[in-house]
Amino acid sequence: MQLLLFGILSSLSSCTKESDNSYYEKYVFINNSKHAIVIESYTRIDEDYVKNINSIPIDSSLVQEIEILFGSKTGIVALSDSVEIFFDSTKYNWFLPNSKSEYNVLDRDNYLMDKLSDNHVKYTYVFTENDYNNADSLK
């Protein structure tokens with residue numbers, strides 16, 4: 001009986017240690033531009049790409065969070081393999097993670113970073129009129 005109790009307590013103890021190793025990232029996209037934004041993000045899974053669409057109205061934000069060890073990156077804009085960003089369906093930008101641009105939402109250097117705790121970080125990207133002005137025309 002004591003051996004069984006010891007086994008159960010050891011099991012619970014190891015579960016607690018596992019959850020302490022979790023690491024979370026939060027991504028906040030704030031639309032401070034004068035244009036509605038639609039982000040189409042693409043994530044490669046095997047030979048296919050999964051497309052996710054997120055809208056950010058004017059003066060609004062999009063918040064996404066992932067547990068790095070166990071969460072799926074599918075649908076997380078900042079962790080996508082490529083993105084298309086549309087402004088009022090009149091202008092757009094297309095980025096890969098290695099695209100050199102201060103407006104690339106796939107480049108972590110373009111974010112403000114806040115360490116919320118030892119295992120939780122928040123990244124914030126603020127869309128401004130500069131993002132719109134530096135986008136390509138759809139026409």
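Every number here is computed from the coordinates shown, using simple stated rules; none is lab data. Small disclaimer: the values here were computed from a predicted structure and weren't measured. With ideal geometry, Cβ positions are generated from the backbone for all residues, glycine too; neighbour counts draw on all protein chains shown.
Laid out as a table, the results:
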read-out: Local net charge near Asp109, Cβ-Cβ under 11 Å (Lys/Arg +1, Asp/Glu -1); value: 0
read-out: Hits among lysines - C-alpha to C-alpha of Lys115 under 19 Å, sequence gap 8 or more where chains match; value: Lys26
read-out: Phi-based couplings in Hz for the range 85-95 (Karplus 6.51, -1.76, 1.60; Gly and Pro marked x); value: 10, 10, 10, 6, 6, 10, 9, 8, 10, 10, 9
read-out: Stretch gain in nm, segment Thr128-Lys34, where the contour uses 0.36 nm per residue and the Cα spacing is subtracted; value: 33.1 nm
read-out: Cut-off 19 Å, label 7 Å out along Cα→Cβ of His120, residues of the range 68-105 by amide N; value: 68-72
read-out: Inter-probe distance in nm under a simple model that places probes 7 Å from Cα toward Cβ, at Met113 and Ser137; value: 3.9 nm
read-out: Table column - 3J(HN,Hα) (Hz), the range 54-63, Karplus curve with 6.51, -1.76, 1.60, x for Gly and Pro; value: 10, 10, 10, x, 4, 6, 10, 9, 10, 10
